[in-house]
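Structure record follows, encoded as structure tokens.
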Amino acid sequence: MKQTAFLFPGQGSQSVGMGREFYDHFKAAREVFEEADDTLCFSISGLCFYGPEEALKLTENTQPALLTASIAALRVLREEKGIEPRLTAGHSLGEYSALVASGAFSFAEAVRSVRLRGKFMQEAVPAGEGSMAAILGMGKEDVENVCEEASQGEILSPANFNCPGQIVIAGHTRAIERAMMIVKQKGKKAMALQVSAPFHSPLMKPAGVRLREVLEEIAVQEFRVPVVTNVEASLNRDRERVKPLLVEQVSSPVRWEESMRRMIEEGIGLALEIGPGKVLSGLMKRIDPKVETKNIEDMESLKKIG
């Protein structure tokens, strides 16, 4: 039998209606949404199911909403299919879902933390001063050189190493605009991303300082399975490393391609993307198409799981 990994999506995978089918059909999912509503003292479930989309896209709402929908899907998968992973990983925000799946975090503490994480990240940079762009068809060194050339004294750096030929950059808006011009002059493609802040750039360090105080209140439990971390692209099951890595993650690049290759070295042959969307499944097809991928987000996708 193939070794299985659980993967959890990050911001950008959200959509109005996410989690509703599982809520309607499974007590385990209802309990997750009810716990989130009680913990946050507002109806995050209503926001997931009915929107409005503009409110769901606000970072401080998106993060707890995605985490909740992902953990509801996880509980359904475990209850209905009895599948357990060899290891877990999550893209940016998804690392918190991975920590819940691994047993290191309780769901209530995770959802409370990411609500504040989203707020801190939003407040770290004034609106309009920071942004992100996806660079397609360029390698790591070339993108780093573009960032150096375009920065001109401002902050600009790689933010997500997603898969071969897809790297996201983040920093000051004017520096992003200069970088996009340089990339297009080189005959490659650059796309501005519809995000509200320059995530995973040094501009996020103030958010990390505030997040550290929140995480200090959380009890980290023993890992049942390791988590492949965004910052180091390596397996972690050391409880003492969890909080420092999550603080560092806010202002450091997400090394997703390396993380997936590290996972494959561990013998993973099946990657289950748990939660809204198929972004991570798409990235895996470009990283290593030999790895089987499936996503679990609704009744139809659940039926396809053996």
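The values are calculated or read from the model by the stated rules, or taken from the named source; none is laboratory data. Small disclaimer: the values here were computed from a predicted structure and weren't measured. All Cβ positions, even for glycine, are placed from backbone atoms using ideal geometry, and neighbour counts span all protein chains on display.
Details
- Meets criteria (within 27 Å of ALA65 (Cβ to Cβ), surrounded by fewer than 22 Cβ atoms within 10 Å (Cβ to Cβ) and within 22 Å of the chain's Cα centre (by Cα)) for LYS140: no
- Among the residues of the range 284-298, just one is closer than 17 Å to GLN14 by Cα and either of a type in the set (A, V, I, L, M, F, W, C) or modelled with pLDDT under 95 (or both), namely ILE296.
- Considered as a group, the residues in the range 96-126 that are in a loop (DSSP other than H, G, I, E, B) and of a type outside the set (A, V, I, L, M, F, W, C) include one that is modelled with the lowest pLDDT, and that residue is PRO126.
- Selection from the range 248-278 of residues that are buried (at least 19 other Cβ atoms within 10 Å of the Cβ) and among the β-branched types (Val, Ile, Thr): VAL250, VAL254, ILE268, ILE274
- Residue in the range 51-104 that is surrounded by the most Cβ atoms within 10 Å (Cβ to Cβ), counting only those that are over 24 Å from MET299 (Cβ atoms) and among the acidic types (Asp, Glu): GLU95
- The set of residues from the range 77-95 being in a strand (DSSP E or B) and either farther than 24 Å from PRO244 by Cβ or of a type in the set (Ser, Thr, Tyr) (or both) comprises just one member, THR88.
- Picking from residues in the range 127-139 that are touching a Ser or Thr at 6+ places or on another chain (Cβ under 8 Å) and in a loop (DSSP other than H, G, I, E, B), the one that is farthest from ALA190 (Cα to Cα) is ALA127.
- Test: residue in the range 182-189 that is buried (at least 16 other Cβ atoms within 10 Å of the Cβ) and among the small types (Gly, Ala, Ser): no
- Evaluated against (1) out of contact with any Phe, Trp or Tyr (no Cβ under 8 Å at 6 or more places or on another chain); (2) surrounded by 17 or more Cβ atoms within 10 Å (Cβ to Cβ); (3) closer than 25 Å to PHE8 by Cβ; (4) touching a residue at least 24 places away in the same chain (Cβ under 8 Å), LEU245 falls short on exactly one condition, (4).
- Residue match in the range 127-146 (condition: closer than 30 Å to ALA36 by Cβ, β-branched (Val, Ile, Thr) and in contact with a strand residue (DSSP E or B) (Cβ under 9 Å, 6 or more places away or on another chain)): no
- Only one entry in LEU67, LEU40, LEU7, LEU47 is farther than 20 Å from MET263 by Cβ and in contact with a Leu (Cβ under 6 Å, 6 or more places away or on another chain), namely LEU47.
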